[in-house]
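Chemist: Input: one structure, supplied below.
The values are calculated or read from the model by the stated rules, or taken from the named source; none is laboratory data. Please read all numbers here as calculations on a predicted model, not as lab measurements. FYI the Cβ positions are ideal-geometry reconstructions off the backbone, even for glycines, and counts take in every protein chain you see.
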Amino acid sequence: MISNLKDEALWKIDSSRIHDNGIFAARDIPLETRIIEYIGRKITKAEANRRGLALFESSKTVGGGAVYIFQLNKKYDIDGNVPENHARLINHSCDPNCEARKIRGRIWIVALRDVTAGEELTYDYGYDLEHFLDHPCKCGSENCLGYIVGTDSHKKLKKILRNRRRRKRGNNQKPKPE
């Protein structure tokens, strides 16, 4: 059962050790609580792809390019790059305490476990492996692989990273004298 404690301030914005600003629990938050709605402009999939690609390309040249697009359904996405969408400040973690859920056509950030007051709210961004090198992770959790990828891709990423280390070690070894 998902609860929603609307009348009480559940979160606050503060500086984050993960990345710039983040969202923090203003008080203890029970498991399954709807904490904050992810809001923005409803856009078509085609427009979402266009915006996402444009932001990704601009990030290569100007150092910006944060993409705040969430999949809403088969036809539409939500572009959360609007000032009133404070949920866009929630950082990724490889060991998250929240998750994004679609509930009755809206996107909510929901507590995966009891969250203590002062704790930074995080969720798994769920990025694909494609371009993983462009998305370093700084969450610092014990499960962190160093890159922002969805939990379902962790096993595959571990294998990729292991193979890269092996190749690098192999290239750094001195040839044996004959």
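Chemist: Against the definition (under 14 Å from the mean Cα position of the chain (by Cα) and either over 18 Å from residue 40 (Cα atoms) or assigned to a loop (DSSP other than H, G, I, E, B) (or both)), how does residue 138 come out, yes or no? Full working, then the answer.
Modeler: Numbers: under 14 Å from the mean Cα position of the chain (by Cα): yes; either over 18 Å from residue 40 (Cα atoms) or assigned to a loop (DSSP other than H, G, I, E, B) (or both): yes.
So residue 138 passes the test.
So that you can scan it fast, the table gives a plain yes or no per residue for (1) touching a residue at least 60 places away in the same chain (Cβ under 8 Å); (2) surrounded by 19 or more Cβ atoms within 10 Å (Cβ to Cβ):
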site: 68; (1), (2): no, no
site: 90; (1), (2): yes, yes
site: 96; (1), (2): no, yes
site: 126; (1), (2): no, no
site: 146; (1), (2): no, no
site: 150; (1), (2): no, no
site: 157; (1), (2): no, no
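Chemist: Turning to a different aspect of this structure: Tell me, which strands (runs of 3 or more DSSP E) wholly within region 27-92 include 2 or more residues that are more than 24 Å from residue 111 (Cα to Cα) and either modelled with pLDDT of 90 or more or more than 19 Å from the chain's Cα centre (by Cα) (or both)?
Modeler: Working: elements: 33-38, 41-44, 69-71, 76-79.
Of the strands (runs of 3 or more DSSP E) lying wholly inside region 27-92, those with at least 2 residues that are more than 24 Å from residue 111 (Cα to Cα) and either modelled with pLDDT of 90 or more or more than 19 Å from the chain's Cα centre (by Cα) (or both) span 41-44.
Chemist: Just one of (1) modelled with pLDDT under 95; (2) within 30 Å of residue 130 (Cβ to Cβ); (3) surrounded by 13 or more Cβ atoms within 10 Å (Cβ to Cβ) trips up residue 5, so point out which.
Modeler: (2)
Chemist: Please determine whether any residue of region 100-123 is part of a loop (DSSP other than H, G, I, E, B), touching a helix residue (DSSP H, G or I) at 6+ places or on another chain (Cβ under 8 Å), farther than 16 Å from residue 37 by Cβ and hydrophobic (A, V, I, L, M, F, W, C).
Modeler: Quick first cut of region 100-123, residues part of a loop (DSSP other than H, G, I, E, B) only: 104-105, 112-114, 116-119, 121.
Applying the additional criterion that residues be touching a helix residue (DSSP H, G or I) at 6+ places or on another chain (Cβ under 8 Å) yields none.
Within region 100-123 (the criterion being part of a loop (DSSP other than H, G, I, E, B), touching a helix residue (DSSP H, G or I) at 6+ places or on another chain (Cβ under 8 Å), farther than 16 Å from residue 37 by Cβ and hydrophobic (A, V, I, L, M, F, W, C)), the answer is no, since none of the residues qualifies.
Chemist: Give region 128-157 a look and list any residue that's out of contact with any His (no Cβ under 7 Å at 6 or more places or on another chain), closer than 20 Å to residue 70 by Cα and hydroxyl-bearing (Ser, Thr, Tyr), or say none.
Modeler: 151, 153
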